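Structure first, then comments.
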Amino acid sequence: MQESDKVAAIRAAMPAVREYVYLNTGTFGPLPTLVQEAMQREAEREFLHGRITSESYERATDLKRRAREEVARLLGCRPDQIALTRHTTDGINLAVMGLDWQPGDEIVTTDMEHPGAQGPVFNVARRYGVVVRTARLGTGAGDVVGALARLIGRRTRMVVLSHLTWNTGAILPIAEIATLAHQHGALVVVDGAQSAGSIPTDVGALGADVYAIPGQKWLCGPEGTGAVYFSDEALDRLQLTIVGYASLAPNGLEPIGGYFLPKPTAERFEVGGVNVPAIAGQFAALRWLREDIGYSWIFQRVAALGRRAADRLASLDGVDVLTPPDRMAGLVSFTVRDGDPQALVAALAQRNVIVRWITHPYSLRVSTGFYNTEDDIERLVDALEDARRATAASRSMV
């Protein structure tokens, strides 16, 4: 199949990308029709037949198993190292809250982290007297490893950082950082919110101990789905913070003051009931991406469209692209000399172009998904220039 035919077939399966110039996958990816259908089928089955039969329980168990297997294929690990979650932040919390922190212990992080990672880090700092040491990375273009190396030391117990930063779109050198952290016995916890589904990810090669991902962004699944990988070392060292029925090995809890035995796999980090229709949608999305589209093709296309967007934006007078060109994927941040990011996002939305603004650094952000086209990027450029002309004209009338 020719590339143009493949893209056309993908876009035919994703109604939202035909309604808008959809350039905000970094917040929510568009839902494919087959994901909606999978969720509808499961919801109707629950409605018509209930959720209490042995068949319902077995079906939910099997869906979760298959979803874990698909995540494992994406991340290059074993299914028993995967726990299903609601979002990236769940996975970060499970990792950060899982150590027996002592006053004076240190967490190393960066100034480019999403609040979903910052929150858990500063929570343990407040509760346990942990010291947070923050690397200042700018846009992520410089010596990232050196900046972190200056902070990692004998008191460091965990390093928390993004694989692909949510604000400037820089790919950070996780493997080199993990090697350094492991020399000091620290665990490496990675926020994979913007990397999972947009760039190749092999958690073993990266040396990540925990890798948390969402289902609703680049993986085009429903909201309220996600997953987290734990290395064998992390499974040995991290304690459970939230414990429920799903965490326990068979007969793993003696209720009359007896014993507590968690499951031996990453499933111990799952708690209880789940939204089965959402898991059905998550599984359908992951299988579609792997079997029908292909991850290698997805990663290449996302990167090519990201580069094209960066080049076209950089060619405009007064536009500065912040994303480091040698660490770029499909998430591109930029500023406009004569434009306020929030106002420009609103103006672009009026022109049917969906992007978002970022607080730090205060900028606009474009996400180029595998379903986007070169024409989408031209429409973005045209809409941006039109909005700037309209703003300039209104100012001249004042």
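Observations, loosely collected:
- Contact order, relative form, for segment 285-345: 27 percent (alpha carbon pairs under 8 Å, 6 or more residues apart, mean separation divided by residue count).
- For the pair segment 75-99 and segment 164-213, the centres of their Cα atoms are 13 angstrom apart.
- Computed over the chain: relative contact order in percent, which uses C-alpha pairs under 8 Å that are six or more apart: 21
- In order along segment 106-118, phi translates into HN-Hα couplings of 10, 10, 9, 9, 10, 7, 10, 7, 5, x, x, 9, 4 Hz, rounded to whole numbers, per the Karplus curve 6.51 cos²θ - 1.76 cosθ + 1.60 with θ = phi - 60° and x for Gly and Pro.
- Where Phe47, Phe370 fall by accessible area, highest first, once all protein chains stay in place (1.4 Å): Phe47, Phe370
- Of the residues Met112, Val96, Gln40, the one whose Cα sits farthest towards the positive end of the charge dipole of segment 33-121 is Gln40 (charges of +1 on Lys and Arg Cβ, -1 on Asp and Glu Cβ, taken about the Cα centre).
- 222 nm mean residue ellipticity, helices alone, for the chain (DSSP H n ≥ 4; -39,500 (n - 2.57); rounded to 500): -13000 deg cm²/dmol
- Placing a pseudo-label 7 Å from each Cα along the Cα-to-Cβ vector at Gln342 and Ala392 gives an inter-label distance of 2.5 nm.
- Karplus 3J(HN,Hα) series, Hz, for segment 3-15 with 6.51 cos²θ - 1.76 cosθ + 1.60 (x for Gly, Pro): 4, 5, 5, 5, 5, 4, 5, 4, 5, 5, 8, 10, x
- Accessible surface of the chain [probe 1.4 Å, protein heavy atoms]: carbon and sulfur percent: 52
- Based on protein heavy atoms only, the chain ends up with 43 Å² per residue of surface accessible to a 1.4 Å probe.
- Just so you know, the Rg over Rh for segment 282-333 is 1.15, from Cα atoms, with Rh as the Kirkwood radius.
- Note on exposure: Cys220, Cys77 ranked by accessible area (1.4 Å probe, complete protein assembly) read Cys77, Cys220, with the most exposed listed first.
- The average projected area of segment 162-264, computed from the convex hull of its Cα atoms over all directions, is 8.4 nm².
- Candidates Gly221, Ala249, Thr156 compared by Cα position along the dipole of segment 151-266: farthest toward the positive end lies Thr156, with charges placed on Cβ.
- Check: segment 31-128 dipole with +1 on Lys, Arg Cβ and -1 on Asp, Glu Cβ, in debye: 200
- Antiparallel beta bridges, as assigned by DSSP with both residues in segment 158-215, represent about 10 percent of the total such bridges.
- The Kirkwood hydrodynamic radius of segment 305-357, based on inverse pair distances between different Cα atoms, is 11.6 Å.
- Here the chain is treated with +1 on each Lys and Arg Cβ and -1 on each Asp and Glu Cβ, and its dipole about the Cα centre works out to around 480 debye.
- Net charge over other residues, Cβ less than 11 angstrom from the Cβ of Glu270 (K, R count +1; D, E count -1): +3
- The local environment of Ser367, defined by Cβ-Cβ distances under 10 Å, has a net charge of +3 under the rule Lys, Arg +1 and Asp, Glu -1.
- Overall form of the chain per C-alpha gyration tensor (a/c, 1.5; a/b vs b/c): oblate
- Highest mean packing first, where packing is the average number of other Cβ atoms within 10 Å per residue, the peptides 244-250, 33-39 line up as 33-39, 244-250.
- Placed amide H near Ala249: partners under 5 Å, 5+ positions off or other chain: Leu261, Lys263
The values are calculated or read from the model by the stated rules, or taken from the named source; none is laboratory data. Predicted model, so just to flag it, every value in this text is computed and none were measured. Using ideal geometry, Cβ is built from the backbone for each residue, glycine included, and neighbour counts are taken over all protein chains shown. The accessibility values were calculated without ligands, DNA or RNA, using every heavy atom of the protein model including side chains. Shrake-Rupley method; radii C 1.70, N 1.55, O 1.52, S 1.80 Å.
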